[in-house]
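Inspection log for the structure reproduced underneath, given as structure tokens.
The values are calculated or read from the model by the stated rules, or taken from the named source; none is laboratory data. None of these values were measured; they are calculated from a predicted model. Backbone-built Cβ (ideal geometry, glycine too); neighbour counts: all protein chains shown. For accessibility, only protein heavy atoms count, side chains too; no ligands or nucleic acids. Shrake-Rupley method; radii C 1.70, N 1.55, O 1.52, S 1.80 Å.
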Amino acid sequence: MPTPQVVMVTGGASGIGAATCRLLTERGFQVVIADLQEELGRNLADELYGLFVHLDVSLPESWTAALDAATTAYGPLHGLVAAAGFKSEYLLGGPLDPELFHRTAAINQLGIILGVQVVGQHLREQGSGSIVNISSGSAMAPTQSPDIAYVSTKWGVRGISRVAAKELSPYGVRVNTVLPGLIRTPMIATIIESFPERVADIEADIPLRRMGEPIDVARAAYFFLSELGSYCTGSELVVDGGSLV
Ligand SMILES: NC(=O)c1ccc[n+]([C@@H]2O[C@H](COP(=O)([O-])OP(=O)(O)OC[C@H]3O[C@@H](n4cnc5c(N)ncnc54)[C@H](O)[C@@H]3O)[C@@H](O)[C@H]2O)c1
């Protein structure tokens, strides 16, 4: 039997990241779940016969330690799905809160930069690999989120992915971006729980008439990671049930 390809998934303990870990395992990959949430992450790792590594995506030394732990356990990585993310309620007309902006940027933007640097360098040395960064449909048009800090960092993810795609392509490393619409995960649980009566209206406005599920986004990540996306780099795939139409 061929050795499974190893993929690290940040934010792998919950939501889109967890669904990606499940799908990749089903398709024969070996997953490394990298997250702050120890208990959830370890439980999922046990279920999937994978590895949990503690990672704070905003800290360079945390990336180096996570990559060391992953390669010690399984050898070189094939890829990275960068799904860790943070969303606040930083409104354009709300109170000025630079700290909240810095926290959002540290996780959503610096976290993505560190991933393409640390894992990108590792893949570059292997001469192959695939990185999938999770942005947001709100980085195409700010339809889903009024959080201006979040939206600005998700636009940043698109830029980071393009720079990384250009720099890493000559070394056989592809970098692509997935832009999810509204997906039913813990990140948007407060929206769903606070306004249950609005969910039907929200879904009626989506051309496919439903909110997305984490597996919908996981399939797009799988596309880019696997040989299905072999000629894609610097590409962006919107997974939003047609919300931008
Ligand atoms: N749910 C949506 O509607 C939606 C829409 C567009 C984009 N996204 C993006 O999809 C990605 C996954 O989000 P989700 O909806 O699955 O949310 P989620 O809250 O279920 O998962 C996010 C995960 O990121 C982890 N995380 C947060 N900060 C971290 C850090 N500093 N280091 C490591 N891990 C950290 C959390 O512990 C959590 O497990 C995020 O980047 C999010 O911005 C989500």
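So here's what we get for this one:
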read-out: Matching residues, region 141-156, being open to solvent by less than 60 Å² (accessible area, probe 1.4 Å), free of Cβ contacts under 8 Å to residues at least 60 places away in the same chain and either outside any helix (DSSP H, G or I) or of a type in the set (A, V, I, L, M, F, W, C) (or both); value: SER145, VAL151
read-out: From LEU100, LEU110, residue being assigned to a helix (DSSP H, G or I), hydrophobic (A, V, I, L, M, F, W, C), on the phi < 0 side of the Ramachandran plot and within 16 Å of the chain's Cα centre (by Cα); value: LEU110
read-out: Some residue of region 226-245 being crowded, with 22+ Cβ neighbours inside 10 Å, among the charged types (D, E, K, R) and more than 18 Å from VAL116 (Cα to Cα); value: yes
read-out: Qualifying positions in region 46-66 - within 19 Å of PRO4 (Cβ to Cβ), away from the ligand (no atom under 13 Å from the Cβ) and in contact with a helix residue (DSSP H, G or I) (Cβ under 9 Å, 6 or more places away or on another chain); value: GLU47, LEU48, TYR49, GLY50, LEU51
read-out: Out of GLN126, GLN117, sole residue that is within 21 Å of ASP35 (Cβ to Cβ) and open to solvent by 40 Å² or more (accessible area, probe 1.4 Å); value: GLN117
read-out: Total residues in region 209-225, condition part of a helix (DSSP H, G or I), open to solvent by 40 Å² or more (accessible area, probe 1.4 Å) and either within 10 Å of the ligand (Cβ to nearest atom) or on the phi > 0 side of the Ramachandran plot (or both); value: 0
read-out: Residue count, region 79-112 (criterion: more than 13 Å from the ligand (Cβ to nearest atom) and open to solvent by 30 Å² or more (accessible area, probe 1.4 Å)); value: 12
read-out: Single residue of region 59-71 satisfying the filter (assigned to a helix (DSSP H, G or I) and either more than 13 Å from HIS122 (Cα to Cα) or of a type in the set (A, V, I, L, M) (or both)) that is most open to solvent (accessible area, probe 1.4 Å); value: GLU61
read-out: Qualifying residue in region 171-191 (condition: over 21 Å from the mean Cα position of the chain (by Cα), farther than 24 Å from PHE29 by Cα and either open to solvent by 20 Å² or more (accessible area, probe 1.4 Å) or at pLDDT below 95 (or both)); value: no
read-out: Test: residue in region 46-53 that is in a helix (DSSP H, G or I) and buried (at least 18 other Cβ atoms within 10 Å of the Cβ); value: yes
read-out: Which listed residue, of SER161, SER130, is modelled with pLDDT of 95 or more, of a type outside the set (Asp, Glu) and assigned to a strand (DSSP E or B); value: SER130
read-out: Failed condition for SER14, given (1) near the ligand (Cβ under 9 Å from one of its atoms); (2) in contact with a Gly (Cβ under 8 Å, 6 or more places away or on another chain); value: (2)
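Okay, residues lined up against (1) within 27 Å of VAL7 (Cα to Cα); (2) more than 15 Å from the ligand (Cβ to nearest atom); (3) open to solvent by less than 20 Å² (accessible area, probe 1.4 Å):
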site	(1), (2), (3)
SER136	yes, no, yes
ALA139	yes, no, yes
SER169	yes, yes, no
PHE195	no, no, no
PRO207	no, yes, no
